[in-house]
Structures are given as structure tokens and as C-alpha cells.
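The values are calculated or read from the model by the stated rules, or taken from the named source; none is laboratory data. From a predicted model like this one, the values you see are computed outputs, not experimental measurements. FYI the Cβ positions are ideal-geometry reconstructions off the backbone, even for glycines, and counts take in every protein chain you see. When the accessible area is computed, the model is the full protein with side chains, heavy atoms only, and any ligands, DNA or RNA have been set aside. Shrake-Rupley method; radii C 1.70, N 1.55, O 1.52, S 1.80 Å.
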Amino acid sequence: MRRRTPPPPSPLPQRHGVDPVRVRLPAEGPWATVREHLVARLTGAGAGVVDGMFDAGLVVGADGRPVASDAPYVPGMFVWFHRDLTDEVPVPFPLQVVHRDEHIVVVDKPHFLATTPRGSHVAETALARLRRELGIPTLGAAHRLDRLTAGLVLFTVRPEERGAYQTLFRDRLVRKEYEAVAPYDPALGLPRTVRSRIVKERGSLTAREVEGEPNAVSRIELIEHRTDLGCYRLVPGTGQTHQLRVHMNTLGVPILGDPLYPVVTGPVPAGDFRRPLQLLARELEFTDPVTGVAHLFRSERTLTAWSCFPQWAGQ
């Protein structure tokens, strides 16, 4: 099999812990210049914004020199530029470093903080924050945790080792355990293993279950219950998008604070950090692929709806 040639190193430094955008020009296309391709590619920005970037010398080639707006289109060429960082509402909760060595950093992520830059969440993400706070510009995420979910996330220190840790998650060699707070149903027989086929289409906020070969497996257990509230242990055997949230909803006990299941609610205003999703990535357990050390990490966070429901509900 022919190996893919790695891209050249970025000629631009990080900004606020965020990498510059790298664009590789496609092998074929109707564009005569680099500018024409970027205008077509960055449709959300508009031609005026792209022209402004070229005029200011913000689009550079592998040598770090500005690319002219009339530079001819060269298939396979790389260009870099920094995205325009908009003002983001800071997430007012700290990241807690659980473990740090020369290979990995494990953190306990708060609710509402995205793992990596995506969409409108760029500088105010766990990755960008850690790069700034720990002074490790090479830090990368080995996996992702939903923005609304709190708990343990694994980051790698050395880019050349990232693939080994990502492979652990791909090959399901990491045991992950979650906790959730949801309604209590005495008629629901637990523990049980839920198996279904989950799909999530591009552009859709929610995932859904369909007929077909199961691709999502979750073990659901009841840890403790009160009159109408339960604390659950969730152990995913697979990693489909929103898998645990979908399976809990299917069982008739949707996780408290979920804005998507069972129904999609209106967007929460920026800066509204009330009623976080009551889902926590409690444990990560794996054998380190680089050092051979057996790791077991546990979050010390508590789910507010369980520890103090009136506080979570704003009563």
C-alpha cells in the first residue's frame, strides 16, 4: 500500500493555543488561482473576507511567505492562515489535571467546554486552554468528549505518539465508564445491555435508531435511586455519536438536562450555564501503548442533580 506523504510543518505559530488552518489544493478543479479556490471553499466567509486576507498577507505558503491573490493554482499545494477568532463567552469552570507525564495529560473536563476547536468554539476549548495553561503547544486530543458532557479526556504530548493512543480508542481497548442522572422507573429491568443501530446524518442535531445490524452497545446499570430519580452507571461497548443519550432515551429515562433527547429544545443563550447535562465520563482504564503502564483514572466530579437537585433545577 502506498503511504501518504505527510504535510509539511506549519510555517505559522499557534495563536491563543489554536493551530492555523491548513488547506491543501485538490488535485483537480476549475480554479485558475489560489484565491479563486479559497473563495469557493470558504463560502461562509465571503469573497471580501478572503480578499482582505490576501491583501494583508495572511495567506502563506510552506516557506512562510505571503501568497499573492493572483498566484496560479497548483494542485497539491498547501497554504496556511489563521481563522478570525470571534469573542467567545468564557466557560467559567476550571480544567482539572488528573495526570501528567512526558507522554500524556489526562484532564477532568467541565460541562459546556468543547474538547477541540469546532464551529463557534475555538479558543474556548479544552485543547486550546491546556496548550496555553500548560505551555505544551504540541498537545493533541486522543479522543473527544461532547461539549455538554463532563469528565475524563486523554491528550497526548508528542505528535508522533498520538496515533498509538488514538488506536486504543479505535480498537476499543479503553474501558470507559460513565455516570448519569435520569428519572427512575421501577418497572425498568436493570442491569441490561442495549443493542441497536444508530445513525447520525450530516446536518442533523440528533442521532436516531434504525433497523439493521447493531452498531451501538451499552451496558446500563442502576447504582442508586430515590423516589423519582436514579443514578446510573453506563458502560459503552462502542462509540457511536450520542450513543448513551440515545439508549437512555430509548429506555424511557432520558438523561436530565439533555437538550436533544427526547425533544430538541431551543438554543441556550451564550453564557447560560444552568442545568448542565447530567452525564459524566467517570473512569478511563487502559494499558499505555508507549510505556506499558496500566492506567485507571477516575473523575472526582459530582453530578449536581444527584448531590443537590434544587441547586441544579434552580429552585
* Structure fact -> Along the stretch 223-228, Karplus-curve 3J(HN,Hα) (6.51, -1.76, 1.60; θ = phi - 60°) to the nearest Hz, with x for Gly and Pro, reads 7, 7, 9, 10, 3, 10
* Amide H contacts under 5 Å for Leu222, placed H, 5+ residues apart -> Arg233
* What are the semi-axes of the equivalent ellipsoid of the stretch 34-163, taken as the square roots of 5 times the eigenvalues of the Cα gyration tensor, listed largest first and rounded to whole Å? -> 34, 18, 12
* Asked: What's the percent breakdown of Cα-Cα distances in the stretch 190-248 across 5 Å bins, shortest bin first?
  -> 4, 19, 26, 20, 15, 10, 5, 1
* Asked: Remind me, relative contact order of the chain in percent, using alpha carbon pairs under 8 angstrom and six or more residues apart?
  -> 14
* To do: For the chain, just the Cα atoms, rotate onto the principal axes and tell me the three extents in Å, largest first.
  => 69, 46, 42
* Structure fact -> Among Ala32, His103, Gly64, the residue whose Cα sits farthest towards the positive end of the charge dipole of the stretch 1-153, when +1 is placed on the Cβ of each Lys and Arg and -1 on the Cβ of each Asp and Glu, is His103
* To do: Round to the nearest 10 and give me the degree value, 0 to 90, for the angle of helix 159-170's Cα axis relative to the longest principal axis of the chain.
  => 40
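Give me the dipole magnitude in Debye, nearest 20, for the stretch 109-214 about the Cα centre, with unit charges on the beta carbon: positive for Lys and Arg, negative for Asp and Glu.
Numbers: 19 positive and 13 negative charges, 54 e Å.
Magnitude of the dipole: close to 260 debye.
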* Could you run the Karplus curve 6.51 cos²θ - 1.76 cosθ + 1.60 with θ = phi - 60° over the stretch 241-253 and give me ³J(HN,Hα) per residue in whole Hz, x for Gly and Pro? => 4, 6, 3, 5, 5, 5, 5, 5, 5, 4, 6, x, 10
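Return the carbon/sulfur percentage of the accessible area of the stretch 192-293, one whole number, probe 1.4 Å, all protein chains in place.
Roughly 48 percent of what the probe reaches on the stretch 192-293 is carbon or sulfur.
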* In terms of modelled amide H atoms, which long-range or inter-chain residues lie less than 5 Å from the amide H of Phe273? -> none
* **Spatial separation of Cα centroids for the stretch 182-259 and the stretch 20-89, in angstrom** => 43
* Mean shadow area of the stretch 197-315, taken as a quarter of the surface of its Cα convex hull (nm²) -> 10.4
* Given labels modelled 7 Å from the Cα in the Cβ direction, how far is it in nm from Arg195 to Asp70? -> 6.5
* With +1 on each Lys and Arg Cβ and -1 on each Asp and Glu Cβ, and nothing else charged, work out how big the dipole of the stretch 187-231 is about its Cα centre, in Debye to the nearest 20. => 120
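Show that you can apply the helix-only estimate: for the chain, add -39,500 (n - 2.57) for every DSSP H stretch of four or more residues, divide by all residues, and state [θ] at 222 nm to the nearest 500.
Details: 7 runs with 55 residues, N = 315.
Here the helix-only value at 222 nm equals -4500 deg cm²/dmol.
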* Structure fact -> Expected sort for 231-242, 247-258, 6-17 on mean C-beta neighbours within 10 Å, highest first, is 247-258, 231-242, 6-17
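Out of the DSSP beta bridges found with both residues in the chain, what percent are antiparallel (nearest 5)? It would help to have the intermediate numbers written out before the result.
Working: 53 of 56 bridges.
If we restrict to bridges inside the chain, about 95 percent are antiparallel.
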* To do: Could you state the accessible area per residue of the stretch 1-114 in Å², with a 1.4 Å probe and every protein chain left in place?
  => 60
